[in-house]
Amino acid sequence: MTQPVSYGNQSNQRTELHVTPTNTAQNESSSKLLKGMVVGAVVGGALAMLDKTTRKKVQSTTSTMKDSTMDVVNQVKENPSGVMNDWQDRIKTASSVLKEAINDAQTLYEKVNEDVVDQVNQVKEDSSEIISTTKEAASELKGIGEKVKEASEEVTGDSTTSETNNNQSIHPTNRSSDIPGQVGS
């Protein structure tokens, strides 16, 4: 359903515009939102201006912005090509500085990457060597322990197998001795 809305133009003729109800509801909703935002901003600004310090700061900032804007406008009026060339030079300078910074960052990344990767690889190699050396030392220590055990058996005169030795102590007391009054060897 549409409702005719008439508007007058300069020749006092009426023109009708057909508006659908859904469009008006959406327009009214967005219109209310916009009005609410504007009213809120105005009220907030007015409340902020109650403070004397804020008023002075706003006045100072506004004055500074006005002066700098007027300076730029005057410079553009007096020498538009000079201002354009100045801005182009500034952009070129900033661009070259940025390129240098990127190159420096890339060089630093490559240097750190090479050094760190080399050091990490060295640590991996060293730790692998340490692990293998430790394993070798453990097996050699086990061999030394077996030799010490064998030497102990030779000293004590016990040449029985290690299985029998597990059931006996190093100094057995259940054997007879050649020396009277002494038990064991």
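None of the figures in this text is laboratory data; all of them are computed from the coordinates on show. Given the structure is predicted, the values throughout are model-derived calculations rather than measurements. As a convention, Cβ positions derive from the backbone with ideal geometry for all residues, glycine included, and neighbour counts pool all protein chains shown.
Just for the Cα atoms in the range 20-81, what are the lengths along the principal axes, largest first, rounded to whole Å?
55, 40, 8
Less than 29 Å apart at the alpha-carbon level, and either on another chain or at least 8 residues along: which lysines does that give for residue 57?
Output for residue 57: 35, 66.
Using θ = phi - 60° and the Karplus form 6.51 cos²θ - 1.76 cosθ + 1.60, what ³J(HN,Hα) does each residue of the range 96-107 get, whole Hz, x for Gly and Pro?
5, 4, 5, 4, 4, 4, 5, 4, 4, 5, 5, 4
How far apart, in nm, are the 7 Å Cα→Cβ label points at residue 65 and residue 53?
2.1
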